[in-house]
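Read the structure below first, then the notes.
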Amino acid sequence: MKILIADDSRVMRQIVTRTLRQAGFDGHDLVEAADGQEAHDKAQAEKPDLVISDWNMPEMTGIEVLRKLRAAGNDVKFGFVTSECTEEMKSAAESAGSAFFIVKPFTAEQFDEVFSPILG
Amino acid sequence: MSVETVVTQDDLAEMVEQVWASYLDPEGVSPLLPTGDDKQPTEVHSTVSITGTWHGHLVYASSMLAARRAAAAFLAMDADEVGAEDISDVLGELANIVGGNVKAMLPAGCFLSLPTVVLAPETASYYPAAERISGLWGQWEGESISISMWQSVKQGEAA
């Protein structure tokens with residue numbers, strides 16, 4: 001599968017990548033985006049099977065990316081890995097069509113639980 | 001409204017424990033040891049601001065060596081391989097993670113800013129319309145680390 005990892009922190013993109021590996025999800029084609037606009041553009045151009053996105057990013061927030069993709073008819077599986085977790089955010093994410101919501105700091109066990117049904 | 005009743009020093013300690021368990025000390029051998037020394041010197045810091053139903057800042061500060069070790073732990077590298085860009089990125093992410101968790105404990109309707117990182121002591125930054133309301137001060141592998149919360153003061157009450 002092709003996975004797009006969107007986070008303005010390069011370190012956090014590396015940690016997401018490493019945690020995916022630690023959770024046993026090796027061998028996937030990984031693409032990265034460093035801000036919301038790039039995430040949106042790569043989600044359209046690269047046609048990933050899964051988008052793992054930060055919420056708070058420059059240019060466009062993660063929720064704006066998701067809404068824009070859905071408005072354009074893109075139904076890629078999309079979810080959030082973010083330090084922010086409020087009921088209003090979770091509710092906004094679900095309403096916009098988010099498949100999961102992982103809060104930082106996260107563990108490989110949490111990744112396994114969330115991504116096993118998606119990545120197999 | 002004082003945030004102290006919403007986010008206590010114990011809450012900050014719990015958040016820090018989670019960060020340490022996930023990224024900085026997954027084997028549980030080198031925790032952040034609280035000292036309570038709010039005068040301990042720092043060399044670098046990062047800040048996220050919170051606005052909305054609560055206004056203020058969360059500041060993560062540490063010695064340069066602690067920041068370098070944190071970056072090395074985040075990146076699974078040796079400390080001497082870590083560059084300034086890595087250190088800035090990790091400092092920003094540390095403030096972002098704790099700030100995000102703090103925000104989740106505040107009344108609904110708050111917004112978190114992107115982090116600002118300054119590779120200079122905490123005292124190099126001023127928060128003229130805010131006062132420190134709580135914090136956690138400690139040592140990690142003998143190096144200073146602190147997380148403090150600053151609440152904005154209403155105009156006219158700052159004097």
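Things to note:
Yes or no, residue by residue, for (1) within 14 Å of chain B (Cβ to nearest Cβ); (2) free of Cβ contacts under 8 Å to residues at least 40 places away in the same chain:
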| residue | (1), (2) |
| --- | --- |
| A:ASP8 | yes, no |
| A:ALA23 | yes, no |
| A:ASP26 | no, yes |
| A:GLY36 | yes, yes |
| A:LEU50 | no, no |
| A:GLY62 | yes, no |
| A:LEU66 | no, yes |
| A:SER95 | no, yes |
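- Reported count of residues in region B:81-116, each being under 13 Å from the mean Cα position of the chain (by Cα), buried (at least 20 other Cβ atoms within 10 Å of the Cβ) and in contact (Cβ under 8 Å) with a residue 60 or more places away in the chain, is 6.
- Answer residue from region B:25-53, given it is over 14 Å from the mean Cα position of the chain (by Cα) and within 12 Å of chain A (Cβ to nearest Cβ) and is surrounded by the most Cβ atoms within 10 Å (Cβ to Cβ) among those: B:ASP25
- Residues considered: B:LEU58, B:LEU119. Of these, the only one that is surrounded by 14 or more Cβ atoms within 10 Å (Cβ to Cβ), touching a strand residue (DSSP E or B) at 6+ places or on another chain (Cβ under 7 Å) and farther than 17 Å from B:LEU12 by Cβ is B:LEU119.
- Note on region B:76-127: residues that are among the small types (Gly, Ala, Ser), facing another protein chain (nearest Cβ under 10 Å) and part of a helix (DSSP H, G or I) total 6.
- Residues being farther than 16 Å from B:VAL19 by Cα and either of a type in the set (Phe, Trp, Tyr) or surrounded by fewer than 20 Cβ atoms within 10 Å (Cβ to Cβ) (or both) - total across region B:61-80: 6
Since every read-out is calculated from the coordinates, none of them should be taken as a lab result. Note that the structure is a prediction, hence the values are computed from the model and not measured. Cβ: placed from backbone, ideal geometry, glycine included. Neighbour counts: every protein chain shown.
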